[in-house]
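Heads up, the thing below is written out as structure tokens.
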Amino acid sequence: MTEDYKAALYKKDAILEHPSMLANAIDSIRCNEVDGASEAEKILVENYQGAIEFLFELGTWLTYIDEDAQSTRNIIEAVVKEAILQNYDRSKAINCLTDDALAKNIMQDTMEWLSQMVESPTWRQTIYELAQHPRNEDCPFLSLAMPCIAVKDDLIGELISVPLAWNTLEIFLKCVAYVLQPLLAAGETVHDGLLMHSVAFLQPMRSTATESSGQTSKDVPLSNEISEFCSPTTNQPCRPSIPQLSSASEKTADMLSHFLEMGCHSEHGYLILQSILQCLASRTKGYAARHLSWLLEAEASRRNRDTSRYSVYFCGARDYPESMDAMRTLLRHQELVPECVQQLYEEYKKDASPPVRLLRQPIFIGKRRC
């Protein structure tokens, strides 16, 4: 144990570590070695480099030279931020979450420090950049920072582009509410039939497994029906392109991209979003919720996600399992399988036919045109 404590003190600038850890290490060395107090002092002095103190001393000089404290602060924060991004070690960050840390009350100190840290835009941005790195996608320490940020409603807009934050249901729902409000308002400007045509007939074909092997979800472009969704309806037959959108429409398009990214991030996220949209569609008279549901389904399809079971389930056809299975097969394969088409034909010939919503699947309608 003494050797472990010595190893901790031999680290660069170990004197800047948590006071309780230093106290335990010094006490252990003092009790187990002759002249242990002097030995601990010698180790700390030899390994002290004072990088942090030197940085702030340099900052003080810059303040006197530039007479602008904020500029100096920005320089220091930029240097520290770059150092953190280059040297962040998730294994060391997790140490503050261990049982040993809880026993020493380090966890409480960490939460207080973290809450103060996220007050700064610079450090929040540092956390976001770390969280979006693939090696940190499930880092517990960074996940712990997300609730500290989400408690402030005015910061939710920053979390709509941080996938790590969406792993917490409460934060995910806050982000959904944030993006849905402008999208629901924008969607009411588009006629129902127009968007159905857009999603059904203008969406690109879903790529095969071979074609998509070199693509990630971020490589797949959003379809042009976004401009249809974000722009007010006019009497002109031509559709505006995305570069022609107004500033308000550009903001809505940006929200839509975040919305689709959240919906396609995980299966449970897709199901939650579709459930919310189905409830909104049934309780409101407008088209916006249904439009968003179609767009989300189309985007998931382009990313090679099989959402067919949810698509047929939300059609209210649970009393017609054969029809649901047939439509699900068509949606899953994105092909007009003759046996399934015949099954649907026979079912809809009956007096007690399935709900027509089962046929109003944009992907299915698009295949009928082909």
How big is D, in µm² s⁻¹, for region 287-340 by Stokes-Einstein at 4 °C and 1.567 mPa s if Rh is the Kirkwood radius over C-alpha pairs?
-> 110 µm²/s
Computed over region 1-94, the convex hull of the Cα set has an average projected area, in nm², of 7.5 nm²
Label-point separation in nm, Ala83 to Tyr48, each point 7 Å along Cα→Cβ = 1.7 nm
List, in the order given, every pair from Lys11/Lys92; Lys152/Lys251; Lys92/Lys174; Lys285/Lys349; Lys12/Lys42 whose Cα-Cα distance in the structure shown is over 24 Å.
-> Lys92/Lys174; Lys285/Lys349
Here the FRET efficiency for Asp325 versus Val151, based on Cβ atoms and R0 = 51 Å and rounded to 0.05, is 0.65
Average projection area in nm² (convex hull over Cα atoms of region 319-370, one quarter of hull surface) = 3.3 nm²
Provide the FRET efficiency to the nearest 0.05 for the Ala69-Glu112 pair, computing r from the beta carbons and using R0 = 30 Å.
-> 0.75
What distance in nm separates the simple spin-label points at Asn304 and Lys285, each placed 7 Å from Cα in the Cβ direction?
-> 4.5 nm
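Where a number appears in this text, it was derived from the coordinates with a stated rule and is not lab data. Just so we're clear, the structure is a prediction, and the values are computed from it rather than from any experiment. All Cβ positions, even for glycine, are placed from backbone atoms using ideal geometry, and neighbour counts span all protein chains on display.
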